[in-house]
Amino acid sequence: MPSTFLGLNTSYTGLVAASAGLNTTANNVANVDTEGYSRQAVNQSAANAMRAFQGYGCIGAGVDTLGAERIRDIYYDEKYWNNNAKLGEYDKKWYYADIIQAYLKDARGTDEVKGFSAIFNEFHNSLSSLATNTGEINHAQASIGFAGNLCEYFNILYNNFQKQQTDVNDEIKIKVDEINGIAQQISTLNKQISAIEINGTAVANELRDKRDLLIDQLSAVIDVQCDERPVLDDKGNDTGLREYIVKIAGGQLLVDGRDYRQLDCVPREKWQRVNQNDVDGLFDISWRDTQQDLNLYAKNVRGELKGLLEMRDGNNEEAFNGTVAGVDAVNKTVTIEVTDDYLKDVTKLTLPLTEGRITIGGELYYYDSFEVQHLANGECFFTFQMSDEFSRNPVPVNKDAIGEPAKIGERVNYQGIPYYLEQMNEWVREYASIFNGLYGVDGATDYDGNDRSKEIFFTGDDEVNSSQFKLTVDKDAKHYSSIDDGYYQLTAGNFNVRKTLEDNPRTMATHTVYTDGESKYDIVENLIDLSSNINKMKFRGCSAESFLECLLGDSALNASSAQNFQTVYTNIQESIENNRFSISGVDDDEEAANMIKYQTAFNLSSKMISVLNECYEKLILDTGV
């Protein structure tokens with residue numbers, strides 16, 4: 001027979017359940033604007049019924065209030081994290097691609113800023129004026145001045161791109177620090193959650209919300225994978241605890257329960273460069289515990305960090321790579337055969353000319369200089385003089401490396417800052433080489449009738465010894481060394497007019513046959529023709545004057561592509577967020593309905609207790625003997 005007071009206890013459980021529902025509703029309403037908060041609901045079930053051993057069987061004993069739990073769907077969380085990483089990547093690419101477009105434009109804002117087209121046309125027009133004004137030295141001086149403006153344009157543009165590379169590099173450090181901070185916070189939350197949930201009855205809802213919010217933030221920086229596993233004892237039994245694991249960058253462990261890993265940004269020394277045009281101090285990202293590279297170049301890696309890295313290092317997959325063809329242990333040289341056409345063209349050369357690092361068979365080595373040899377059959381070989389410093393090459397390259405792959409830097413399939421720097425260098429080297437060839441032709445003569453054969457007009461400033469390059473090694477040489485004075489020393493950053501011409505314009509060569517008089521400016525006429533004659537100079541299938549159009553086309557395409565993807569992933573993000581909110585978000589109308597529902601249940605349970613109290617009072621006081 002059930003207890004006489006069973007109905008009172010049953011009503012009390014209903015009162016407790018309704019009260020818990022009201023408290024949970026109040027908590028939801030209070031957190032309606034809290035970022036990352038997940039709506040909570042009271043989890044309740046019917047209490048175990050009592051057996052009455054009469055014909056009617058069992059009698060219900062009320063409700064068990066099991067606690068409040070979060071309403072959340074991991075499916076939408078994972079979709080959000082995956083999409084957020086892609087959105088973060090293209091956010092960064094679009095931002096910096098837009099800056100590159102601004103660098104390359106001829107005019108910006110209300111005040112006209114001269115760009116390549118305007119400056120190059122001024123130089124071209126000054127040559128035309130020189131050709132029609134014989135004997136007047138001021139026209140030669142003007143042409144030299146406009147040539148200097150052209151050089152200064154490339155110098156400034158080159159420095160702007162390098163400053164942008166520094167900015168991107170600094171932001172990479174900020175993002176790595178953000179990853180380290182989030183990893184530490186997740187580890188701390190894991191400890192707190194375990195301490196609360198250790199008995200298996202309580203759920204740390206608010207702490208789990210904070211942890212999921214950190215994962216949301218982390219997913220924008222880098223792709224993330226999360227997994228929560230049961231913790232088993234020595235006998236394989238479930239202890240009731242859960243181990244939360246976070247992986248990043250295609251599956252590399254970041255947080256393992258209470259333990260977490262940290263990343264380091266290691267700045268490259270000058271002798272550790274992988275690109276001739278890179279600024280000093282670019283960061284390599286590695287794990288602090290293993291010193292292994294994070295490897296953000298993999299195709300399955302996403303996030304802001306990936307976008308920044310591709311912008312900083314993107315070379316359109318035109319990095320040095322080849323196969324080891326020979327090793328000279330005595331002279332400490334390594335010969336590598338290359339097959340890519342861009343590696344055989346000196347105008348496209350991006351290797352550090354002295355003091356660089358090279359990866360051979362997966363191992364890092366350092367070199368002091370290199371030589372290049374082009375054979376008649378089209379084969380091309382780079383021979384690297386390896387560094388003698390033990391700290392750089394503690395283990396020398398041996399003959400076992402023959403046949404192993406070799407590379408300098410990574411082949412990054414994106415047109416980032418190194419790509420634009422290489423494009424500028426290519427144009428400068430090609431234009432300077434052809435211009436100098438026409439200028440210093442045999443029989444070249446200046447204003448005073450002096451022979452200027454083999455002399456050059458454009459050169460580069462040597463920062464090492466504060467002089468200018470003589471460019472004695474032609475760009476089409478079949479054999480050259482990186483320490484020789486050749487066109488591979490020339491970059492958009494050091495491009496300049498020969499100083500002797502600036503000091504004395506009368507030394508400028510204008511014609512080849514002095515006996516024909518000053519009026520025959522055949523050299524100047526050839527230089528004028530160089531601007532538009534595609535047979536004299538071809539840059540990416542266009543004439544010399546089309547340089548800016550080519551680069552603007554690249555930057556516009558990259559910016560447009562990044563913007564389109566950013567828009568697509570933003571729209572997807574909004575859709576996922578709406579789905580997540582429909583499940584986890586706090587809705588005012590829904591909570592108002594819950595409040596009325598639990599209030600009604602509370603009132604009914606209270607009324608039931610009041611009615612039962614009257615019944616028990618009648619039973620106890622009025623039916624006694």
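A few remarks follow.
- Look at where the Cα atoms of region 217-266 and of region 134-163 average out, and the two centres are 58 Å apart.
- Restricting region 344-402 to GluC sites (Glu not before Pro) that sit in a DSSP loop and have at most 13 other Cβ atoms within 10 Å of their own Cβ leaves E379, E389.
- Sequence of T132, T507 once ranked by neighbouring C-beta atoms within 10 Å, starting from the fewest: T132, T507
- Nearest-20 debye value, the chain charge dipole, Cβ charges on Lys, Arg, Asp, Glu: 1700
- Residue-span extension gain [L232 to D170] - 0.36 nm each, minus C-alpha spacing: 18.0 nm
- Cβ-based charge dipole, the chain, positive-most Cα from L214, A509, G21: G21
- For region 518-591 versus region 405-463, the inter-centroid distance based on Cα atoms is 26 Å.
- Per-residue Cβ neighbour rank within 10 angstrom, fewest leading, Y365, Y95: Y95, Y365
- For region 320-408, a simple Cβ point-charge model (Lys and Arg +1, Asp and Glu -1, everything else neutral) yields a dipole of about 100 debye relative to the Cα centre.
- The ranking of T383, T510 by Cβ neighbour count inside 10 Å, starting from the fewest, reads T383, T510.
- Coil-residue GluC sites (Glu not before Pro) of region 423-512, DSSP, other Cβ within 10 Å capped at 13: E463
- In angstrom, the C-alpha Rg and Dmax of region 558-610 are 22.0, 75.
- Shape of region 320-408, Cα gyration tensor, a/c cut at 1.5: prolate
- Kirkwood hydrodynamic radius over Cα pairs of the chain, then Stokes diffusion coefficient at 37 °C and 0.692 mPa s, in µm²/s: 108
- Gyration tensor verdict on region 408-534 (Cα atoms; rounded if a/c is under 1.5, prolate if a/b is larger than b/c, oblate otherwise): prolate
- Helical mean residue ellipticity (222 nm; -39500 (n - 2.57) per DSSP H run of 4+; nearest 500) of the chain: -15500 deg cm²/dmol
- Inter-probe distance in nm under a simple model that places probes 7 Å from Cα toward Cβ, at A298 and D589: 4.6
- Prolate/oblate/rounded call for region 466-625, Cα gyration tensor, a/c under 1.5 rounded: prolate
- Cross-linked pairs K105/K163; K332/K399; K163/K475; K105/K306; K92/K299; K105/K173: Cα-Cα separations exceed 21 Å for K163/K475; K105/K306; K105/K173.
- Restricting region 12-101 to GluC sites (Glu not before Pro) in coil, as DSSP defines it, with at most 11 other Cβ within 10 Å: E35
None of the figures in this text is laboratory data; all of them are computed from the coordinates on show. What you are looking at is a predicted structure, and each value in this text was computed from that prediction instead of being measured. Please note: Cβ atoms are built from the backbone with ideal geometry, for glycine as well, and neighbour counts cover all protein chains shown.
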